[in-house]
Amino acid sequence: MKFKIGDEVKFLNDKGGGIVSKIISSSMVNVAIEDGFEIPTLTSNLIKIESVDPASDFFHEKFDVEIPKPNPEEEIEYSEKTSQLVKYASKGENLPGIYFAYIPQDQQWMITGMIDVYIINFTDYDILYSFFLHQNKKQIGIDYGSIKPQSKNLIETIDRDEIENWTNGTIQIMFHKDEDKEILLPLSTNFKIKPSKFYKENNYQEASFLNEKAIIYSIFDLSQKILVSNLKDEKDLKQQQIMEIKAIEAKAIVLIEKYNTGPREAVIDLHIQELIDDDTEIESSEILDFQMNHFEKCLNSALSNHYRKLTFIHGVGNGVLKQKIIERLKNYQGVDNQSASMAKFGVGAIEVLIRHNR
């Protein structure tokens, strides 16, 4: 259910209610109550009081709360739908590109409740977008606007019974940078999703740029880019003024799977030349931090994906990296370490054993 400032509401799991005083996000609002306090409350825990006939007034409580009058500057904040992405290394890797996602507001019960529809700009470009739905042989323009680099933009929050209307459409994208060596061709992406997909919990996946599980589709990844400068001549440009592609379901590449050597086992080489293409681009003083950062990403990814044994190749050297690893492992419960097999790795590796609670 959508709420706006001034709506009279009751608490679903508690006594009393009040007036919606601020829209925090699509899933949370502030409720002003009679004693003058404002309470942040999930919209799923609220019931809007609507009086449509005299009989309904029997159930209608009057709350002694003044309806707030937000100033115009605050109104801009309320209508802001864009938020910065945060990368979660333990959830895998996604290719840089443009995605759209259906994120259930209730992450415990994926197949019930409201769904937030987002366009996700997982690139370093500013983008302009137009979002259309195909309904009854018509193209319905739902939203348009711009999204900053590494940000997501809320298109709409929908009820479950609206899902079928949101599974067939077109998204158009243009790319912009204030200064760049190349210009990308605009793109148009068609998507069509089976509505039944939304009623199976296993279809909701994690992504490296989301803290929630979602049904995620890739609109475009940067490896597909076509540069205007690569078009041969004016005729070529006219023939291909826009790139047309089909949206495909996106799944994160799990980081630890890159190092998989057997059932729930992995071997990770932490030598710097194995972690970056050109080790001359990194200062010697930064190498240890880089190695430890990669070690922790792999360990977190392994924990999230129920691995049981990891072997980290740290090399012989002066032993600093090995000691750093042992110290860092003390922050993790259910994790033991021992020297790895000398027959396989010599004295330059450590084995991490993970005990998962059943």
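Worth a mention:
- Residue in the stretch 164-190 that is surrounded by the fewest Cβ atoms within 10 Å (Cβ to Cβ), counting only those that are among the aliphatic types (A, V, I, L, M) and more than 16 Å from Ile215 (Cβ to Cβ): Ile183
- Looking only at the stretch 126-138, and only at residues there that are assigned to a strand (DSSP E or B) and polar (S, T, N, Q), the one that is nearest to the chain's Cα centre (by Cα): Ser130
- Filter pass, Glu249 being modelled with pLDDT under 70 and either in the same structural domain as Gln150 (by TED's automatic domain parsing) or within 30 Å of Ser188 (Cβ to Cβ) (or both): yes
- Residues located in the stretch 191-211, provided they are over 20 Å from Asn165 (Cα atoms) and surrounded by 15 or more Cβ atoms within 10 Å (Cβ to Cβ): Gln205, Glu206, Ala207, Ser208, Phe209, Leu210
- Residues in the stretch 139-180 that are over 23 Å from Lys87 (Cβ atoms), in a loop (DSSP other than H, G, I, E, B) and of a type in the set (D, E, K, R): Asp159, Asp178, Glu179.
- Yes/no for Ile183 being among the β-branched types (Val, Ile, Thr) and under 20 Å from the mean Cα position of the chain (by Cα): no
- Residue among Ser285, Ser339 that alone is over 30 Å from Glu206 (Cα atoms), among the hydroxyl-bearing types (Ser, Thr, Tyr) and in contact (Cβ under 8 Å) with a residue 12 or more places away in the chain: Ser339
The values are calculated or read from the model by the stated rules, or taken from the named source; none is laboratory data. In this text the structure is predicted, and so the values were computed from the model without any measurement. All Cβ positions, glycine included, derive from the backbone under ideal geometry; neighbour counts span all protein chains shown.
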